[in-house]
Amino acid sequence: TVLLDMDGTLLDLNFDNHFWQRHLPRRYAEARGMPPESGREELMARYHARAGTLEWYSVDFWETELEMDIRRCKEEVAHLIAIHPHVPEFLAAVRASGRRIVLATNAHHKSVTLKMARTGLTPHFDAIVSSHALGAAKEEQAFWARLREQEPFEPARTLLVDDSILVLDSARRYGIAHLVAVKRPDTQ
């Protein structure tokens, strides 16, 4: 089995970094009539408080927390969604090898839907699993146990490619034997 992360692994993390660090803070500040830097500082503190949790990755959580239409804001900069070089060829080669390909992401289903619609990558996967459907982020051991129940895989014969060292460490603790870290998740 080949488990692949989405953001920063298959897709350029530039979209997410731009959205969360620049675009949303600017829109948040505009909506509240505050200086852009104040909006950015406030959001960075809120993000930091939720880092590594399911809430951090949840579009629904941030829509409620910030009282903003996150999905609409993401669509404003959706032109930045981009596939990393050679990803389609890599996916085709994995498919040709006969291995099962599972997209295992912390991204909220609304983000996955937007990105798959923009990239057309959906047909490459045997399954697409969001941590939100499993009730645990990939940083948690519960994620891997629940994923294995839904998408049976043998940890000793499984490859995980991810851009998060925390996620890779969690997978290693679970017993996933083959781990690859993406060194340059954001091309910018």
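So if I take the centroid of the Cα atoms in the stretch 46-65 and the same for the stretch 89-128, what is the distance between those two points in Å? Taking the Cα centre of the stretch 89-128 as reference, the centre of the stretch 46-65 is 24 Å away. Angle check, please: helix 87-96 long axis (alpha carbons) against the longest principal axis of the chain (alpha carbons), in degrees 0 to 90, nearest 10. Once rounded, the angle reads 30 degrees.
For the chain, carbon and sulfur atoms together expose 52% of the accessible surface, with a 1.4 angstrom probe and every protein chain in place.
Among V167, V87, V102, the residue with the largest mean-square fluctuation in a Gaussian network model of the chain, with springs joining Cα atoms closer than 10 Å, is V87. Annotation: per residue accessible area for the stretch 46-131 equals 50 Å², rounded to a whole number [probe 1.4 Å, protein chains only]. Accessible area per residue was computed with a 1.4 Å probe on protein heavy atoms; H18 scores about 50 Å². Derived scalar couplings between HN and Hα for the stretch 180-188 equal 10, 9, 7, 7, 10, x, 10, 5, 8 Hz in order, rounded to whole Hz, by the Karplus curve 6.51 cos²θ - 1.76 cosθ + 1.60 (θ = phi - 60°), x for Gly and Pro. In this structure the amide hydrogen of H108, modeled in the peptide plane, comes within under 5 Å of the amide hydrogens of V59, none closer than 5 places in sequence on its chain. Across the chain, the convex hull enclosing all Cα atoms gives 108 Å³ per residue.
The values are calculated or read from the model by the stated rules, or taken from the named source; none is laboratory data. Since the model is a prediction, treat every value here as computed from it, not as a measurement. The accessibility values were calculated without ligands, DNA or RNA, using every heavy atom of the protein model including side chains. Shrake-Rupley method; radii C 1.70, N 1.55, O 1.52, S 1.80 Å.
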